[in-house]
Amino acid sequence: MKRLTQWLAAPVLAAASTLAFAQAKEIRIAHVYDKTGVLEAYAKQTHTGLMMGLEYATGGKMEVLGRKIVVIEKDSQFKPDVGKAQLAAAYGDDKVDLAIGPTGSGVALAMLPVAEEYKKILLVEPAVADSITGDKWNRYIFRTGRSSSQDAISNAVAAGKPNTSIATLAQDYAFGRDGVKAFKDALAGTGAQVVHEEYAPVATNDFTAPAERLFNALKDRPGRKVIFIIWAGGGGNPFKIAELNPGRFGIEIVTGGNILPALAAYKALPGMEGATYYYYEIPQNPVNKWLVAEHYSRFKSPPDFFTAGGMAAGIAVVEALKKARSTDTEKLIAAMEGLSFDTPKGRMTFRKEDHQAMQSMYHFKIRVDPGLAWAVPVLVREIKPEEMKVPIRNKR
């Protein structure tokens, strides 16, 4: 009987051994992102871009170092506790080699300690808060997404002019508050100053009261008067404050770039200036040319803001694996510090000190094209990485 049991068990053990060997041969990547929640549109773009980036960087093979790339999706639901649990499950149960994500800054901040606990890389894309590569950073964190400081420094080019009073409108969570802080820092020495800060809940729909406070803070100020808006997600439309006619007080609106559906609201603001992370017609390079052509071919639409970011993350991972010739975390860290790689935005480089990807941003001016559903951010000039003195805020 014992010999029969052993004989019956043999195929099961062999199958388990084969599965374990197959998994060991795979390169397993978790994409932990806010697949549901207010940032759902951003998250879906990021995942599309990630898969296209992996495809592009591997020449369509979806393998590197002779090993198949397997992407495991996990939904963080725009909830910090869920994101933290999902990342722990990816590292612990799914045995992933590294992880990418999430979308929201609050979720990202909850996930950072998990990467440190498991001693595995978390490549942050596209969460923006400075603290991710700042005081909450650890050595296992890299970021292809732009930081609040990169947003702020580039937008200060548009708003930071002498004799300018600025009031800010931002969402009341990490993205908004870090963004305003970074923007204020970036304005130093420009002759502009922030005279009022207004924070509203993420899902705000009625902006009448915040608009009144913003107008009151600016209307009697001398010189140029600006409302700078930092907003993200599928909640309300803060640009509805333009319907309340801030122009009657000589107040103009300035903001950064956004996804194409959100750019529809910019059509009410022709001539508005700001700075953006990406718009598909701006970068002129082979990677972006491929992305635009392939995205049109597959989806009958241009790639968007976060599609480019997801693609950058996918390319970064493949280039890091090639350089490290291993999935070992320490070898990957050594390979990624100072790594330069081509993206739809051009060349990015992971800064050694905090693993932030240094990258170009784009100063734009809004043009209205009646044939498009969205406003067009026309390039004024490229703001190159070496022009942006992004502070090193970590405690390394």
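The values are calculated or read from the model by the stated rules, or taken from the named source; none is laboratory data. All of these numbers come straight from a predicted model, not from anything done at the bench. Here Cβ is always computed from backbone atoms with ideal geometry, including for glycine, and neighbour counts include all displayed protein chains.
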*Sort out for me the strands (runs of 3 or more DSSP E) sitting completely within the range 79-143 that have 3 or more residues that are over 18 Å from Ala174 (Cα atoms).*
98-100, 121-124
*From the set of residues in the range 108-130 that are acidic (Asp, Glu) and surrounded by 21 or more Cβ atoms within 10 Å (Cβ to Cβ), which is modelled with the lowest pLDDT?*
Asp130
*Give Asp342, Asp369 a once-over and let me know the one that is under 19 Å from the mean Cα position of the chain (by Cα) and either touching a residue at least 40 places away in the same chain (Cβ under 8 Å) or part of a loop (DSSP other than H, G, I, E, B) (or both).*
Asp342
*Restricting attention to the range 318-339, and to residues there that are within 21 Å of the chain's Cα centre (by Cα) and not in a loop (DSSP other than H, G, I, E, B), which single residue is farthest from Leu50 (Cα to Cα)?*
Ile333
_So Arg143 ticks every box in (1) more than 26 Å from Ile251 (Cα to Cα); (2) more than 16 Å from the chain's Cα centre (by Cα) but one. Which box is left unticked?_
(2)
_Boolean, Glu319 is at negative phi, surrounded by fewer than 22 Cβ atoms within 10 Å (Cβ to Cβ), out of contact with any Lys or Arg (no Cβ under 8 Å at 6 or more places or on another chain) and of a type in the set (Asp, Glu)_ = yes
_Extreme residue, surrounded by the fewest Cβ atoms within 10 Å (Cβ to Cβ), among residues of the range 160-200 that are among the charged types (D, E, K, R) and modelled with pLDDT under 90_ = Lys161
*Extreme residue, surrounded by the fewest Cβ atoms within 10 Å (Cβ to Cβ), among residues of the range 372-390 that are hydrophobic (A, V, I, L, M, F, W, C) and assigned to a loop (DSSP other than H, G, I, E, B)*: Ala373
_Number of positions in the range 286-317 that are closer than 27 Å to Met336 by Cβ, touching a residue at least 24 places away in the same chain (Cβ under 8 Å) and either charged (D, E, K, R) or not in a helix (DSSP H, G or I) (or both)_ = 3
*From the set of residues in the range 205-243 that are in contact with a strand residue (DSSP E or B) (Cβ under 8 Å, 6 or more places away or on another chain) and of a type in the set (Val, Ile, Thr), which is surrounded by the fewest Cβ atoms within 10 Å (Cβ to Cβ)?*
Ile241
*Across the range 140-159, what is the total count of residues that are surrounded by fewer than 22 Cβ atoms within 10 Å (Cβ to Cβ) and small (Gly, Ala, Ser)?*
1
*Just a yes or no: is a residue in the range 281-303 among the acidic types (Asp, Glu), surrounded by 18 or more Cβ atoms within 10 Å (Cβ to Cβ) and either within 30 Å of Val180 (Cβ to Cβ) or within 22 Å of the chain's Cα centre (by Cα) (or both)?*
no
*Pick out the one residue from Ile241, Ile230, Ile251 that is touching an Asp or Glu at 6+ places or on another chain (Cβ under 9 Å) and of a type in the set (A, V, I, L, M, F, W, C).*
Ile230
